[in-house]
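The values are calculated or read from the model by the stated rules, or taken from the named source; none is laboratory data. Since we're looking at a predicted model, the values are computed, not measured. Keep in mind that these areas ignore ligands, DNA and RNA; they rest on the heavy atoms of the full protein, side chains included. Shrake-Rupley method; radii C 1.70, N 1.55, O 1.52, S 1.80 Å.
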Amino acid sequence: DELRRRADMPVDDELIQRPYMLAVERIEESQKDIKTLVRAYKILCDKHEPVGSSSAKVQTESIPYLYIIGKGRDEARIMALIDSLQLGERVRLLGFKANPAPWIKNARLMVHSSKFEGLPTVLIEALLLGKTIISSDCPTGPREILDYGRAGILVEPGNAQAMADAIENVLSDADLERRIRRGAAEYGSNFLPSKIIESELSKVL
């Protein structure tokens, strides 16, 4: 309930009105892997140029922007990569947000790229807010949180092409997205306090 309350809070920023995909993670390349995500986005954009190409499943103009919420010591490196790939108009580093929940709620989809994890809470929050999630299948956490690929799409860590393909598949295949969202809604309920309490009580009674 608190998560949904925070998600409903107004945001005074016109960027939230645009179609966008969202990553919420610390910009720290020793653990996270924002570089792969940015390169995947570049692959996706390049594939669908020029905009008028009839062969593209998803035209560049319809690809959501990529927003990244978070701060960390590698911000300058990531910004340099964005600039070198000429993505400055479409990829935005939004910095720290005390309440990222409205941004998660309004995102077209959630993307998460990491080399390893502990418990990526943002994936649980995205599940509870009904989002379609694409995540690297890194140790540990994403696979279990996304029910081994039934509640979200898992891709090989560090594989920008696989990440780009997964994003494209979600954007171009409504049936796939409905199936993933249905799995997310069903599995996400396991993270509700009532379900956790019930599960723990069953172990001791």
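Based on DSSP H segments of at least four residues, each scored -39500 (n - 2.57), the chain has a per-residue ellipticity at 222 nm of -12500 deg cm²/dmol.
Between the labelled values [x] 47, 47, 33; [y] 46, 34, 31; [z] 62, 37, 34, the entry that holds Cα extents along the principal axes in Å as derived from this structure is [z].
For the chain, the tally of Lys pairs with Cα-Cα distances below 13 Å comes to 7, considering only residues 8 or more apart or on different chains. Once all protein chains are placed together, residue 26 keeps about 110 Å² accessible to a 1.4 angstrom probe. Among 29, 75, the sequence by solvent-accessible area, most first, with a 1.4 Å probe is 75, 29.
When DSSP beta bridges are restricted to pairs lying wholly in the range 13-155, around 5% turn out antiparallel. Inter-part distance, the range 78-120 to the range 164-205, computed on C-alpha centroids, equals 22 Å.
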